[in-house]
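Everything on this sheet refers to the single structure shown next.
Where a number appears in this text, it was derived from the coordinates with a stated rule and is not lab data. Just so you know, these numbers come straight off a predicted model, no measurement behind them. Every residue, glycine as well, gets a Cβ built from its backbone with ideal geometry; the counts of neighbours run over all protein chains shown.
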Amino acid sequence: MAIDTLHLGQPSAIPASPDEARLDRVPNPHKGANYLARFTAPEFTSICPVTGQPDFGILVIDYLPGEWLVESKSLKLYLTSFRNHGAFHEDCTVAIGKKLVDLLHPEWLRIGGYWYPRGGIPIDVFWQTAAPPPGLWVPDQGVPPYRAR
């Protein structure tokens, strides 16, 4: 099975923005199997579109692959491209989920964005394509709610 990707196995620069980033996909060797793939980005950053200050969060992406898997190096580069991108928490979280759905056509996908406080209020954003399919083991995303220190 040939894999045609932009990033896998070669040097790649960090894209300047999410619009310039390219996500790669590879064939799912277990198409039809009812399994969950999870990516956790514990140091996700973007920029507040109003103040220009950095925002920090934890992203957890769960999906039941169909024909395709996201290639992990391209996903890391795509997520890193948000570091200089100005967008609200809701936009970042949902846009990432939708981009992955458009690329992969998964059987099911959910994304949790667990953001550190902005203006004293933590904002958590959750999006999914539908209810989880019957029989799919979907563990808790493991990120505790924000608590002041």
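Is it the case that the range 108-121 has a residue that's surrounded by 10 or more Cβ atoms within 10 Å (Cβ to Cβ), part of a strand (DSSP E or B), touching a Lys or Arg at 6+ places or on another chain (Cβ under 6 Å) and not hydrophobic (A, V, I, L, M, F, W, C)? No, there is no match, as no residue in the range 108-121 is surrounded by 10 or more Cβ atoms within 10 Å (Cβ to Cβ), part of a strand (DSSP E or B), touching a Lys or Arg at 6+ places or on another chain (Cβ under 6 Å) and not hydrophobic (A, V, I, L, M, F, W, C).
Table: residues versus (1) surrounded by 16 or more Cβ atoms within 10 Å (Cβ to Cβ); (2) closer than 15 Å to TRP115 by Cβ; (3) in contact with an Asp or Glu (Cβ under 9 Å, 6 or more places away or on another chain); (4) among the β-branched types (Val, Ile, Thr).
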position	(1), (2), (3), (4)
ILE14	no, no, no, yes
GLU20	no, no, no, no
PHE44	yes, yes, yes, no
THR51	no, yes, no, yes
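Taking the listed residues ALA87, ALA148, the one that is surrounded by fewer than 18 Cβ atoms within 10 Å (Cβ to Cβ), free of Cβ contacts under 8 Å to residues at least 40 places away in the same chain and farther than 18 Å from ALA33 by Cα is ALA148, with no other qualifying. Would you check if there is a residue in the range 54-73 being part of a helix (DSSP H, G or I) and farther than 28 Å from GLY119 by Cα? There is at least one residue in the range 54-73 that is part of a helix (DSSP H, G or I) and farther than 28 Å from GLY119 by Cα. Evaluating PHE39 against the criteria (1) within 11 Å of the chain's Cα centre (by Cα); (2) assigned to a helix (DSSP H, G or I) leaves one unmet condition, (2).
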